[in-house]
Amino acid sequence: LAPASVDAHEPQVAMDPAGNAIVVWSRHENYQSSLWANRFTTAGGWGSAVALPGADGGFSSEIAMDRAGNAIVVWGRFQEDGFYVWATHFSAGRWESPVSLGGSNGYSSTQAQISVEAQGDAIAVWEKRTAHGPHERSEISANRYVAGIGWGGEVVFDYAGFHWGPSVAISPAREALL
(Lines give C-alpha, C1' and ligand atoms only; values in the text may rest on other atoms or scores of the structure.)
Protein backbone atom coordinates (compact mmCIF):
# COMPACT_ATOMS: atom_id res chain seq x y z
CA LEU A 1 0.00 0.00 0.00
CA ALA A 2 2.76 2.45 0.97
CA PRO A 3 6.56 2.26 1.18
CA ALA A 4 7.86 0.54 4.32
CA SER A 5 9.88 3.65 5.20
CA VAL A 6 6.71 5.75 5.57
CA ASP A 7 5.37 6.59 9.03
CA ALA A 8 1.66 5.85 8.44
CA HIS A 9 -1.15 6.15 11.03
CA GLU A 10 -4.91 5.86 11.36
CA PRO A 11 -5.72 3.69 8.32
CA GLN A 12 -9.37 3.67 7.24
CA VAL A 13 -10.90 1.51 4.51
CA ALA A 14 -14.15 1.44 2.52
CA MET A 15 -15.37 -1.13 0.01
CA ASP A 16 -18.14 -1.25 -2.59
CA PRO A 17 -20.34 -4.34 -3.18
CA ALA A 18 -18.13 -5.43 -6.12
CA GLY A 19 -15.06 -5.71 -3.87
CA ASN A 20 -13.26 -2.51 -4.97
CA ALA A 21 -11.75 -0.63 -2.03
CA ILE A 22 -9.91 2.52 -1.02
CA VAL A 23 -7.69 2.83 2.04
CA VAL A 24 -6.79 6.25 3.48
CA TRP A 25 -4.14 7.00 6.10
CA SER A 26 -2.27 9.83 7.73
CA ARG A 27 1.41 10.08 6.83
CA HIS A 28 3.88 11.87 9.11
CA GLU A 29 7.14 13.14 7.69
CA ASN A 30 9.43 15.90 9.01
CA TYR A 31 6.84 16.93 11.65
CA GLN A 32 4.17 17.40 8.97
CA SER A 33 1.13 15.27 8.37
CA SER A 34 -0.69 14.63 5.11
CA LEU A 35 -3.37 12.23 3.96
CA TRP A 36 -2.72 9.50 1.42
CA ALA A 37 -4.91 6.98 -0.36
CA ASN A 38 -4.55 3.81 -2.38
CA ARG A 39 -7.23 2.12 -4.46
CA PHE A 40 -7.80 -1.59 -4.93
CA THR A 41 -9.81 -2.82 -7.92
CA THR A 42 -10.89 -6.39 -8.46
CA ALA A 43 -9.66 -6.09 -12.04
CA GLY A 44 -6.17 -4.76 -11.34
CA GLY A 45 -5.27 -5.09 -7.66
CA TRP A 46 -3.62 -2.28 -5.73
CA GLY A 47 -2.69 0.94 -7.49
CA SER A 48 -0.11 3.49 -6.40
CA ALA A 49 -0.43 5.54 -3.23
CA VAL A 50 -1.34 9.20 -3.87
CA ALA A 51 -1.44 12.26 -1.62
CA LEU A 52 -4.98 13.58 -1.28
CA PRO A 53 -5.20 17.06 -2.81
CA GLY A 54 -5.24 19.87 -0.25
CA ALA A 55 -4.90 17.50 2.71
CA ASP A 56 -1.56 18.76 4.05
CA GLY A 57 -1.88 18.93 7.82
CA GLY A 58 -4.82 16.51 7.72
CA PHE A 59 -5.51 14.07 10.53
CA SER A 60 -8.25 11.70 11.76
CA SER A 61 -9.63 10.79 8.35
CA GLU A 62 -12.74 8.72 7.73
CA ILE A 63 -13.87 7.24 4.39
CA ALA A 64 -17.16 5.86 3.04
CA MET A 65 -18.06 4.50 -0.39
CA ASP A 66 -21.26 4.14 -2.43
CA ARG A 67 -22.25 1.08 -4.48
CA ALA A 68 -20.63 2.50 -7.65
CA GLY A 69 -17.20 2.86 -6.02
CA ASN A 70 -17.36 6.64 -5.47
CA ALA A 71 -15.92 7.65 -2.11
CA ILE A 72 -15.84 10.60 0.26
CA VAL A 73 -13.08 11.26 2.78
CA VAL A 74 -13.48 13.69 5.69
CA TRP A 75 -10.69 14.86 7.99
CA GLY A 76 -9.65 17.51 10.48
CA ARG A 77 -7.04 20.16 9.76
CA PHE A 78 -5.58 22.93 11.90
CA GLN A 79 -5.60 26.41 10.39
CA GLU A 80 -4.49 29.75 11.82
CA ASP A 81 -7.76 30.37 13.69
CA GLY A 82 -8.66 26.82 14.77
CA PHE A 83 -9.50 23.34 13.57
CA TYR A 84 -11.72 22.73 10.56
CA VAL A 85 -13.32 19.74 8.88
CA TRP A 86 -12.57 19.13 5.20
CA ALA A 87 -13.79 16.64 2.60
CA THR A 88 -12.84 15.36 -0.84
CA HIS A 89 -14.79 13.18 -3.27
CA PHE A 90 -13.41 10.34 -5.39
CA SER A 91 -15.24 9.73 -8.67
CA ALA A 92 -14.33 8.56 -12.17
CA GLY A 93 -10.85 7.56 -11.04
CA ARG A 94 -9.79 10.91 -9.56
CA TRP A 95 -9.89 12.93 -6.35
CA GLU A 96 -11.69 16.28 -6.50
CA SER A 97 -10.47 19.48 -4.85
CA PRO A 98 -11.19 19.53 -1.11
CA VAL A 99 -14.03 21.55 0.42
CA SER A 100 -14.22 23.01 3.93
CA LEU A 101 -17.33 21.64 5.64
CA GLY A 102 -17.23 23.78 8.76
CA GLY A 103 -15.05 25.50 11.26
CA SER A 104 -14.36 26.00 14.87
CA ASN A 105 -14.40 29.68 15.87
CA GLY A 106 -10.89 29.28 17.27
CA TYR A 107 -11.58 26.00 19.06
CA SER A 108 -11.38 22.41 17.90
CA SER A 109 -13.49 20.52 15.39
CA THR A 110 -12.75 16.82 15.65
CA GLN A 111 -14.04 13.30 15.33
CA ALA A 112 -15.37 13.75 11.78
CA GLN A 113 -17.45 10.82 10.56
CA ILE A 114 -19.07 10.16 7.16
CA SER A 115 -21.87 7.91 5.96
CA VAL A 116 -22.71 7.43 2.26
CA GLU A 117 -25.87 5.77 0.98
CA ALA A 118 -26.03 3.57 -2.13
CA GLN A 119 -26.67 6.40 -4.66
CA GLY A 120 -23.85 8.57 -3.30
CA ASP A 121 -25.64 11.06 -1.02
CA ALA A 122 -23.76 11.52 2.26
CA ILE A 123 -23.79 13.14 5.68
CA ALA A 124 -20.66 14.20 7.55
CA VAL A 125 -20.83 14.89 11.31
CA TRP A 126 -18.27 16.18 13.80
CA GLU A 127 -17.89 17.50 17.30
CA LYS A 128 -17.15 21.22 17.52
CA ARG A 129 -16.00 22.74 20.79
CA THR A 130 -17.34 26.21 21.42
CA ALA A 131 -15.65 26.95 24.76
CA HIS A 132 -12.77 25.55 26.84
CA GLY A 133 -11.99 25.45 30.53
CA PRO A 134 -14.51 25.08 33.36
CA HIS A 135 -17.40 26.00 31.04
CA GLU A 136 -16.36 23.69 28.21
CA ARG A 137 -19.11 23.09 25.67
CA SER A 138 -19.43 21.42 22.33
CA GLU A 139 -21.91 21.09 19.52
CA ILE A 140 -22.62 18.43 16.93
CA SER A 141 -22.29 19.86 13.42
CA ALA A 142 -23.20 18.25 10.12
CA ASN A 143 -23.04 18.88 6.40
CA ARG A 144 -24.93 17.06 3.63
CA TYR A 145 -23.53 15.98 0.27
CA VAL A 146 -25.95 15.43 -2.61
CA ALA A 147 -24.52 13.32 -5.45
CA GLY A 148 -24.12 15.37 -8.61
CA ILE A 149 -24.62 18.67 -6.74
CA GLY A 150 -22.11 18.86 -3.89
CA TRP A 151 -22.02 19.98 -0.27
CA GLY A 152 -24.60 22.15 1.46
CA GLY A 153 -23.83 24.33 4.48
CA GLU A 154 -22.86 23.47 8.02
CA VAL A 155 -25.83 22.75 10.32
CA VAL A 156 -25.56 22.71 14.12
CA PHE A 157 -27.67 19.96 15.70
CA ASP A 158 -27.09 20.39 19.40
CA TYR A 159 -26.07 23.27 21.64
CA ALA A 160 -26.40 21.75 25.11
CA GLY A 161 -23.57 20.20 27.08
CA PHE A 162 -20.49 18.37 25.96
CA HIS A 163 -20.49 15.78 23.16
CA TRP A 164 -17.73 13.49 21.99
CA GLY A 165 -17.40 11.19 19.03
CA PRO A 166 -20.59 11.69 17.00
CA SER A 167 -21.61 8.98 14.55
CA VAL A 168 -23.98 8.95 11.58
CA ALA A 169 -25.82 6.38 9.47
CA ILE A 170 -28.04 6.76 6.38
CA SER A 171 -30.83 4.37 5.44
CA PRO A 172 -31.69 3.33 1.85
CA ALA A 173 -34.63 5.77 2.16
CA ARG A 174 -32.03 8.54 2.75
CA GLU A 175 -32.99 9.04 6.38
CA ALA A 176 -30.07 9.94 8.61
CA LEU A 177 -29.54 9.11 12.27
CA LEU A 178 -26.95 10.94 14.37
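Percent of accessible area on segment 1-64 owned by carbon and sulfur, 1.4 Å probe?
On the way: 1860 of 3490 Å².
Here it works out to 53 percent.
In whole Hz, what ³J(HN,Hα) sequence does segment 138-152 give by Karplus (6.51, -1.76, 1.60; θ = phi - 60°), x for Gly and Pro?
Those phi angles translate into 8, 10, 9, 10, 8, 8, 10, 10, 10, 4, x, 10, x, 7, x Hz.
Relative contact order for segment 1-97: what percent, with Cα pairs under 8 Å and sequence separation of 6 or more?
On the way: 215 pairs, mean separation 20.9, N = 97.
Over segment 1-97, the number comes to 22 percent.
With a 1.4 Å probe and every protein chain left in place, work out the accessible area per residue of segment 1-91 in Å², rounded to a whole number. All intermediate terms of the calculation are to be shown ahead of the outcome.
Working: 4510 Å² over 91 residues.
Result: 50 Å² of accessible area for each residue.
The values are calculated or read from the model by the stated rules, or taken from the named source; none is laboratory data. Keep in mind that what you see is a predicted model, and the values were worked out from it rather than measured. Surface areas here come from the heavy atoms of the whole protein model, side chains and all, with no ligands, DNA or RNA. Shrake-Rupley method; radii C 1.70, N 1.55, O 1.52, S 1.80 Å.
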